[in-house]
1. Out of 126, 263, 179, any idea which swings most in a Gaussian network model of the chain, alpha carbons joined below 10 Å?
2. Ratio of alpha-carbon Rg to the 2.2 N^0.38 Å globular estimate for region 1-103, to two decimals, please.
3. At 0.36 nm per residue, and after removing the present C-alpha to C-alpha distance, how many nm does the segment from residue 53 to residue 170 gain when stretched out fully?
4. Taking just the C-alpha trace of the chain, give me its Rg and Dmax in Å.
5. Springs between alpha-carbon pairs under 10 angstrom, Gaussian network model over the chain: which of 162, 71, 192 fluctuates most?
6. How would you rank 185-191, 169-175, highest first, on the average number of other Cβ atoms within 10 Å across their residues?
7. Where does each of 91, 199 land when they are ranked from fewest to most other beta-carbon atoms within 10 angstrom?
8. With a 10 Å Cβ neighbour count serving as the proxy for reagent exposure, in which order, fewest first, do 70, 264, 144 appear?
């Protein structure tokens with residue numbers, strides 16, 4: 001149930017979503033560490049198994065059967081397939097790229113959502129929005145640097161992930177009209193875990209240390225906790241209020257990349273990220289203004 005739109009509830013929503021993106025940064029950091037010694041498909045599978053176990057224990061007692069009762073099971077299955085594909089692409093890219101690089105590419109998602117919304121949903125884009133999308137993709141090119149020696153083919157995995165994530169968001173928006181957010185996030189993780197089980201078993205390599213098992217647990221807990229907090233945040237505050245706080249994730253990813261892996265992003269990544277963030281924030285502000293006018 002949505003909470004009353006008050007200043008206090010908006011602050012609570014902002015606080016929850018801020019913790020959410022810190023959780024997602026920890027998730028990516030642990031995944032990057034694990035894929036250096038374990039098969040990517042195994043790490044992806046364990047990420048969803050941990051997510052299902054954690055959220056099942058957390059939400060199962062409260063929601064019971066409502067956690068698996070939805071109006072659109074086929075769309076929920078499709079969302080689960082998209083979620084595991086995105087995670088696999090992201091974890092694969094993290095084998096070769098810095099956390100700041102993969103994070104920066106993901107910030108193009110609001111631009112892609114605006115573009116695909118105009119293409120698929122017939123949403124009207126004015127000249128200002130088209131300009132923001134165009135300039136934002138210049139920022140993407142600064143990060144990718146095609147044709148230069150700095151270009152790594154793994155960046156294409158991150159771009160594919162961003163494109164898929166944009167469609168994923170549009171599908172999530174569609175499901176939000178009929179299904180509970182707790183059920184949506186739980187069933188997506190459950191679908192991904194089930195679909196990946198044969199591959200996870202086939203490529204299984206037993207973790208060799210307690211530290212690896214600990215990181216696997218951290219990955220599942222922070223993945224499940226992040227998605228649950230994200231759903232909770234949207235109960236306290238509108239999406240237009242929460243959207244700008246997405247960009248604080250780049251701070252966490254840059255700091256964790258430096259602290260854990262010793263990675264320092266180069267100036268093209270920093271400048272490109274700034275351009276993408278500025279254009280994304282412009283689109284968010286325009287959306288809020290148009291919603292207010294309506």
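1. Taking springs between Cα atoms under 10 Å, the residue moving most is 126.
2. Working: Rg = 16.7 Å, N = 103, 2.2 N^0.38 = 12.8 Å.
Taking the Cα Rg and dividing by 2.2 N^0.38 Å, one obtains 1.30.
3. Fully extending the segment from residue 53 to residue 170 adds 39.4 nm.
4. Computed over the Cα atoms of the chain, radius of gyration and Dmax are 18.8, 58 Å.
5. Evaluated over the chain, the most mobile residue of the options is 71.
6. So the order, starting with the most tightly packed, is 185-191, 169-175.
7. Working: 91 24, 199 16.
Lowest count first: 199, 91.
8. Working: 70 18, 264 12, 144 23.
In increasing order of surrounding Cβ atoms, one gets 264, 70, 144.
Laboratory data are not the source of any read-out in this text; all were calculated from the coordinates shown. This is a predicted model, so every value here is computed, not measured. When we count neighbours, we look across all protein chains shown, and the Cβ atoms used for this are built from the backbone with ideal geometry, even at glycine.
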